[in-house]
Amino acid sequence: MKKNNLLLLWLLIHSLSTIFAKGLSGKKSWEYLLDNNQTTIHATHHINNIIRNNTLPQSTKGIDLLKELGIKVSQQKLIAEVPTYLEETLETDNFSIHYTIDPSNNDAISSTDLNNNLIPDYVEKMGETYEYIWFYFKDTLGYTPPPPDGTFGGSNKYDIYIENLPSNYFAITYTTAFTNESESSCGSYIKMRNNYNGTAFSNLSEIDNIKITAAHEFFHAIQFSYNCYERFWLMEATAVWSEDEIYNDINDHYRYMTSWFQNSSKPIDEESTHMYGSFILFQYIDEHLGGPETIRAIWEESRTRANSINDISFISIDAALSDNGSSFNSALNSMRIANRIMSNHPNAEPYTYKEADYYPIVGPFEIANLAFNNDPIIYEQNSLSLYSSNYIKLNALSPARVFIENKDGPINDLFGAVIFKHQNDNWTIYKGYDFNIDPSINIEWATILVSAQGQNENDWDYKVTISEGYDEDIILKNIYPNPIIYKNSKIEIKMLSTSKQSVNLNIYNILGQNIVNWNIDINDPGETKILWDIKNNNRNIVSNGVYFIELVSQNKRIVKKITLLKPSD
């Protein structure tokens, strides 16, 4: 390696070493890399982390691992060396893929060449895969391709090195040097395995392993070029999301879900193996808040805000979501609700996942199981971390009042909700801190959700008090979507009743004028549907705007706000 290239690498390491105080420590990355119990390893962020923080190995095992990874210690500095010992190169339109078939070289790939074109099938498949991924990210998803790493690999194309990586490693993306004046964009190169024959990779075929690994690592290359300072949790979570976006039928990302859902009390940004499962947030955003364009907008916001000091991951997500009428907190809390419902049924919208029926989980771990039957219950929980959640199972045998209190600050530092499922694929969600739950409304299960969302603390204690509630005779379901874009179809208003009764349903405009009303006789307990054709009592179509639906039953009055939008002709 040329001396000036070593200098560039050192400058990169030195510049990045100050920014990850909140993130993963170099010591923790070493613990992960040296853990023999890891079945498969996405090592990119751990390796770049120990280089960025210049965390030198403390054992012979660590020193040996550095040699396998192509990292040297020079003047007490960790430096990644670009490989120069792979004599063969496949040049594709956008990549230089370096490899060897020399059987005396431990990095050798299989020399099998079934189509006799003098290119080993293994490297040919890798080249085709990377070209497909390049154009998918560029043309379908709209990302700017990553810059090459200068002339390290002998050309100005992006370099892929095929090597005998340590056991169980998928691949590694190494950052090299800053490539713009603001010093927030890094060049990079990727090391891929010379085979995926090990038992750790046996769940997928060779080509599927190459596909999901190439997608994951190439997205890292794009991420480094957008913001080389960005936190690893955002990098890894969106990289896992990208695997499924490009190769929807492989579903290797499912293997992260069981552990993640069993540890829902961990913060969304924890930079352990938990961050791989945090892809579920971006899956929810993709499906409900603007599609893959919103994920790209997050990285564009990250690029705009890049700096070497502050964590801007949440700010970038929040800014991207604002264009879709949402926010980071709103998306995170909606995802937490969707995680408990875990369904693709239309009645659960907007708290659904398209692939919920195929996910290897049924919901998050519930930290407690509370059974209420008139005797008061006080449940206290200490140490709820920022952007983490607790799910509490509630078995209400009689009407119950659920009251959530923040013991450490303002109540709006917490997000509270009660989620309960009725029979026949119906769900009700109450948001707030003071709820009444009547089990007579055909409740199959109920879960209390408490999440921390304040910015002024990192840790909260809270209390949930459950006391005697009251009988509820009816529930007015939320209307989805809201705002409602009217397209010549009637708006469905749903009610769940516990008994035979007569109710009044009214709709008011923003001025408080009653524009339509129904007197409804409910003859059987269960769900009742009313269809509104957006006409008033005079049978004229109402205008765009805000309206209020009022339901008055024997024992209660419920009001919900809707916004009606009629598309222009």
Q. Given the conditions (1) out of contact with any strand residue (DSSP E or B) (no Cβ under 7 Å at 6 or more places or on another chain); (2) assigned by TED's automatic domain parsing to the domain that holds N164, which single one is not true for I109?
A. (1)
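Does E380 meet the test of being of a type in the set (D, E, K, R), crowded, with 17+ Cβ neighbours inside 10 Å, on the phi < 0 side of the Ramachandran plot and not in a helix (DSSP H, G or I)? Outline the logic, then answer.
Working: of a type in the set (D, E, K, R): yes; crowded, with 17+ Cβ neighbours inside 10 Å: no; on the phi < 0 side of the Ramachandran plot: yes; not in a helix (DSSP H, G or I): yes.
Here the answer is no, as E380 does not meet what is asked.
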**Q.** In segment 112-127, the residues that are out of contact with any strand residue (DSSP E or B) (no Cβ under 8 Å at 6 or more places or on another chain) and either free of Cβ contacts under 8 Å to residues at least 24 places away in the same chain or loosely packed, with under 13 Cβ neighbours inside 10 Å (or both)
**A.** T112, D113, L114, N115, N116, N117, L118, D121
Q: Find the strands (runs of 3 or more DSSP E) located wholly in segment 74-140 whose residues include 1 or more that are of a type in the set (F, W, Y), and list them.
A: 95-99
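May I ask you to say which residue of T144, T175, T199, T140 is surrounded by 19 or more Cβ atoms within 10 Å (Cβ to Cβ) and under 29 Å from the mean Cα position of the chain (by Cα)?
Values: T144 fails: surrounded by 19 or more Cβ atoms within 10 Å (Cβ to Cβ); T199 fails: surrounded by 19 or more Cβ atoms within 10 Å (Cβ to Cβ); T140 fails: surrounded by 19 or more Cβ atoms within 10 Å (Cβ to Cβ).
One residue alone meets the criteria, T175.
Does segment 308-326 contain any residue that is over 20 Å from K138 (Cα atoms), of a type in the set (F, W, Y), under 12 Å from the mean Cα position of the chain (by Cα) and part of a helix (DSSP H, G or I)? Give the derivation first.
Keep residues of segment 308-326 that are over 20 Å from K138 (Cα atoms), which gives 308-319, 321-326.
Filter once more, keeping what is of a type in the set (F, W, Y): 314.
Still in the list and also under 12 Å from the mean Cα position of the chain (by Cα): none.
Within segment 308-326, not a single residue is over 20 Å from K138 (Cα atoms), of a type in the set (F, W, Y), under 12 Å from the mean Cα position of the chain (by Cα) and part of a helix (DSSP H, G or I).
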Q: Collect the residues in segment 370-394 that are under 27 Å from the mean Cα position of the chain (by Cα) and free of Cβ contacts under 8 Å to residues at least 60 places away in the same chain, keeping them in residue-number order.
A: K393
Q. What number of residues within segment 518-540 satisfy the criterion of being in contact (Cβ under 8 Å) with a residue 12 or more places away in the chain and more than 26 Å from W427 (Cα to Cα)?
A. 3
Q. Can you tell me which residues in segment 219-275 are closer than 25 Å to S205 by Cβ and in contact with a strand residue (DSSP E or B) (Cβ under 7 Å, 6 or more places away or on another chain)?
A. H220, A221
Q) Taking only pairs six or more apart or across chains, which ones have beta-carbon atoms under 8 Å, a first residue in segment 421-448 that is closer than 14 Å to R336 by Cα, and a second residue that is acidic (D, E)? A) T447/E366
Q: Return the residue satisfying two criteria in turn: it lies in segment 421-464 and is among the hydrophobic types (A, V, I, L, M, F, W, C) and surrounded by fewer than 19 Cβ atoms within 10 Å (Cβ to Cβ), and of such residues it is farthest from S330 (Cα to Cα).
A: I443
Q) In this structure, does I13 turn out to be assigned to a loop (DSSP other than H, G, I, E, B), more than 19 Å from E217 (Cα to Cα), at pLDDT below 85 and of a type outside the set (G, A, S)? A) no
Q: Determine if segment 72-82 includes at least one residue that is over 32 Å from the mean Cα position of the chain (by Cα), on the phi < 0 side of the Ramachandran plot, small (G, A, S) and outside the structural domain of Y189 (by TED's automatic domain parsing).
A: yes
Q. When you look at S568, is it farther than 30 Å from K421 by Cβ and at pLDDT below 90, yes or no?
A. yes
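The values are calculated or read from the model by the stated rules, or taken from the named source; none is laboratory data. Computed from a predicted structure; not experimentally measured. All Cβ positions, glycine included, derive from the backbone under ideal geometry; neighbour counts span all protein chains shown.
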